[in-house]
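Note sheet for the following structure.
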Amino acid sequence: MFVRTILFLLLAMSSTLLIADEPSMGPIIGDYGPTYPIEYRDVPLAEGFTFRVVFDAGAYPGEVDSLNSELVSVARYLNMHGRNGVPLENMDIAVVLHGNALKGALSDAAYESRYQTKNPNLDLLQKLDAAGVKFYACGQSMHFRGFEKKELVSPVKVGLSAMTMLTVLQSDGYALLP
């Protein structure tokens, strides 16, 4: 009987976790970047604060036919702040792409010729670009991987290196989000 009671209590507690809020998309980047509402936070967001951040994106977790989760994190950042009252004009976001993450910035034609599938990241990149996110490609990584500038999608600009771009952006007041 004691074991049944314990099992019942464990089941009841775990089912409450399953009923917890579901993440939702938006309000800035629809279809990407799910976030949870956090009503119980102790630290309020500063009013009028400008969030200047640079994402250091060097990995491409997952398969070539899946979204790069590092780019999805950028959408999550925008959405979670937007849903908590931070206006888009108070978010100055940059992404430095290097290493394996660079392949997500290839055009469909370049991506398909290398990976035999269309680039699953292009819709997300376009939406992030429309929200004002700036993208910088590491010129060094491009050469190591044999990528040409003409193969990149239009919002992506090429810098000397990821290290250079991260140094410059941080000295311009961007906080690094590795």
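Working only within segment 102-156, note down all residues that are part of a helix (DSSP H, G or I) and among the polar types (S, T, N, Q).
SER113, GLN126, GLN140, SER141
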Practice task
Select, from PRO27, PRO37, the only residue that is over 30 Å from SER161 (Cα atoms) and modelled with pLDDT of 95 or more.
Solution key: PRO27
Practice task
For segment 78-96, name all the residues that are free of Cβ contacts under 8 Å to residues at least 12 places away in the same chain and either under 26 Å from TYR60 (Cα atoms) or among the acidic types (Asp, Glu) (or both).
Solution key: GLU89
Completion exercise
The residue from GLU22, GLU47 that alone is closer than 23 Å to ALA94 by Cα and in a loop (DSSP other than H, G, I, E, B) is GLU47
Practice task
Starting from residues that are among the polar types (S, T, N, Q) and out of contact with any Phe, Trp or Tyr (no Cβ under 6 Å at 6 or more places or on another chain), keep the ones in segment 110-135 and report whichever is surrounded by the most Cβ atoms within 10 Å (Cβ to Cβ).
Solution key: ASN121
Completion exercise
The number of residues in segment 115-143 that are over 22 Å from TYR174 (Cα atoms), without any contact (Cβ under 8 Å) to a residue 40 or more places away in the chain and of a type in the set (A, V, I, L, M, F, W, C) is 1
Practice task
With respect to VAL86, determine if the residue is in a loop (DSSP other than H, G, I, E, B), at pLDDT 95 or above and aliphatic (A, V, I, L, M).
Solution key: yes
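The values are calculated or read from the model by the stated rules, or taken from the named source; none is laboratory data. Predicted model, so just to flag it, every value in this text is computed and none were measured. Every residue, glycine among them, receives a Cβ derived from its backbone with ideal geometry; neighbour counts consider all protein chains shown.
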